[in-house]
1. Please state which one of Arg403, Arg390, Arg399 is within 24 Å of the chain's Cα centre (by Cα) and either open to solvent by 30 Å² or more (accessible area, probe 1.4 Å) or farther than 26 Å from Gln215 by Cβ (or both).
2. Could you check how many residues of segment 187-240 are outside any strand (DSSP E or B), without any contact (Cβ under 8 Å) to a residue 24 or more places away in the chain and under 14 Å from Val36 (Cα atoms)?
3. With of a type in the set (Phe, Trp, Tyr) and touching a residue at least 60 places away in the same chain (Cβ under 8 Å) as the only criterion, which of Tyr309, Tyr282 stands out?
4. Taking the condition at pLDDT below 95 and surrounded by 22 or more Cβ atoms within 10 Å (Cβ to Cβ), does Tyr203 pass?
5. Condition first: farther than 18 Å from Val77 by Cβ and open to solvent by less than 50 Å² (accessible area, probe 1.4 Å). Now tell me which residues in segment 135-173 satisfy that.
6. Would you pick out the residues in segment 324-357 that are surrounded by 15 or more Cβ atoms within 10 Å (Cβ to Cβ) and among the basic types (Lys, Arg)?
7. Of all residues in segment 367-387, count the ones that are open to solvent by less than 40 Å² (accessible area, probe 1.4 Å), over 17 Å from Ser70 (Cα atoms) and in a strand (DSSP E or B).
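The values are calculated or read from the model by the stated rules, or taken from the named source; none is laboratory data. None of the values given here were measured: they were computed from a predicted structure. Cβ placement follows ideal geometry from the backbone for every residue including glycine, while neighbour counts extend to all protein chains displayed. When the accessible area is computed, the model is the full protein with side chains, heavy atoms only, and any ligands, DNA or RNA have been set aside. Shrake-Rupley method; radii C 1.70, N 1.55, O 1.52, S 1.80 Å.
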Amino acid sequence: MTNDNLINPINDGTFSSLNRAEKLRQAASNGIDLLVIGGGITGAGIALNAASRGIRTLVVEMQDFAAGTSSRSTKLVHGGLRYLKQFEIGVVAEVGKERAIVYENGPHVTTPEWMMLPFYRGGTFGPIMTSLGLRVYDFLAGVKRGERRLMFNTEQTLLKEPLLKREGLLGSGYYVEYRTDDARLTIEVMKKAVELGAISVNYAKVESFLYEGDQLIGASISDQISGEVYELKAPTIVNATGPWVDELRDKDGSKQGKTLRLTKGVHLVFDRSRFPLSQAVYFDTPDGRMVFAIPREGKTYFGTTDTNYTGDIAHPQVTEQDRSYLLNAVNQIFPSLKLVDPDIESSWAGLRPLIQQEGKDPSEISRRDEVFVSPTGLISIAGGKLTGYRKMAESVVQRVVERLAVKGITSNRSSDTKHIPISGGEVGGSEGFPKYVEARIAEGVAAGLSPESAERLARQYGSNASKLFRYAEDERVRKVAEQYEVVLDLAAELHYAIYEECVVKPADFWIRRTGKLFFNIAEVHQWSNAVHAMMAQLLGWNDSQSQQYREELVVFTYEASTAVH
């Protein structure tokens, strides 16, 4: 496909990978009020809050959006039950309420998941403490009436989940967590920020900071795809780089006082035929860790570990020790399964950027966030959880507004992100979402998709599903699908991802836009060559780029299914 035949995106192309360089040039020439470094959920949330206030915002991310922690979590919008055990009452109350907001603003990426908390003779929890703890949790977190805790006896527990170990089982608590697609949540928040006026560019790395005297006034940014370098002035700069926060503080010469402590969390994925879990389960291991087993899309995933980490921040890996630890834990609570290493279909390792607390084990460290402002003016946000991204953003942007006011730049708008649906979230809230999905199926079928594919796209993309259906109807998309012999829904997803979700590389598509590397790795094996060829044609890669991107995906695919020594 030549450039003359490139498809016009359904919107104005402000989040297309084809205009990344133009957006950087635009920001450099027109000026910005705020530079946000880091394209994870924290940076996306800050961009949304700032853009909604009319602050001219640029986000730069040196990898792909959500490539770090924000695509490698347990994929739960926690209500904060684990913090109750640590007596962090304020955290429980805040994140419990925040998860309801996250859900209502994007029910296509977040959904309630009833969680079972079994208790055993001699275990950490007993029936009285579990019942009391969940009741207090319901109160503090403001849990809706229909989602408040239930208590089951042994027989009721085994009816819900027959795979549980029977020996010593006394019963269980039953409460609601919220399962999410962390990477897609990040992308949808970022897309909403772009819709409201932010500029957001992936594969754009801050190489150095610019100063006037002792004050920070901008950054030198290199395009990791083209190699072009931009010097960009910005009166306020936010460091929202997650595990890299201290590296940026070091670059600024302001890494003093509190620092980060990185811990690694690993998750394993099994096919449902081998791990036929009926019910999400949250339980404690012999060493006192709490772990989750969660059914999702024909798979079951399980985790997590929590170990100190000092390796390559951009490339944490699953080790044989990690896999062995988790297999032992899962076989203790589900002994009939007898899961072994070859049963693992996929896996991922992610890092938690926690604020250092001396003398504490990784699982004991607080997940609270904290804002640091350096003498040069660099604002850094560290710690925190996926669930609290919106409140973290409010705190950071308030600091931004105050600093801009000192420099004579005022924002007359307040932000109410509590009531702003994220991209794809215009579906009538959680109550309206099922009806919305049902109504979209006929539209997808009319575009040439099967009812099953139409429903899947409607559930995954929410109110943006109609855009994907229009791509499916486009004759040029159909010709590309026929040329490379791929199914139409996959071709539509790929075009949408390139033109409206800033996909640059195959790994972006397979890992962070679709999640298939983790939850449908067989489809990656089936279609990766065709998708690679389609992207090469659509994006005009040279031979070197094509080879590099192919090798990258091979490595990611191998690492997802194989442990390192």
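1. Within the list Arg403, Arg390, Arg399, the selection yields Arg390.
2. Count: 0.
3. Of Tyr309, Tyr282, the one residue that is of a type in the set (Phe, Trp, Tyr) and touching a residue at least 60 places away in the same chain (Cβ under 8 Å) is Tyr282.
4. Values: at pLDDT below 95: no; surrounded by 22 or more Cβ atoms within 10 Å (Cβ to Cβ): yes.
No.
5. The answer is Phe152, Thr154, Thr157, Leu158, Glu161, Leu163, Leu164, Gly168, Leu169, Gly171, Ser172, Gly173.
6. Passing the criteria: only Arg352.
7. Adding up the residues that qualify gives 4.
Here is a yes/no grid of residues against (1) more than 15 Å from Ile422 (Cβ to Cβ); (2) out of contact with any strand residue (DSSP E or B) (no Cβ under 8 Å at 6 or more places or on another chain); (3) in a loop (DSSP other than H, G, I, E, B):
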residue	(1), (2), (3)
Ala21	yes, no, no
Leu24	yes, no, no
Ala51	no, no, no
Ile55	yes, no, yes
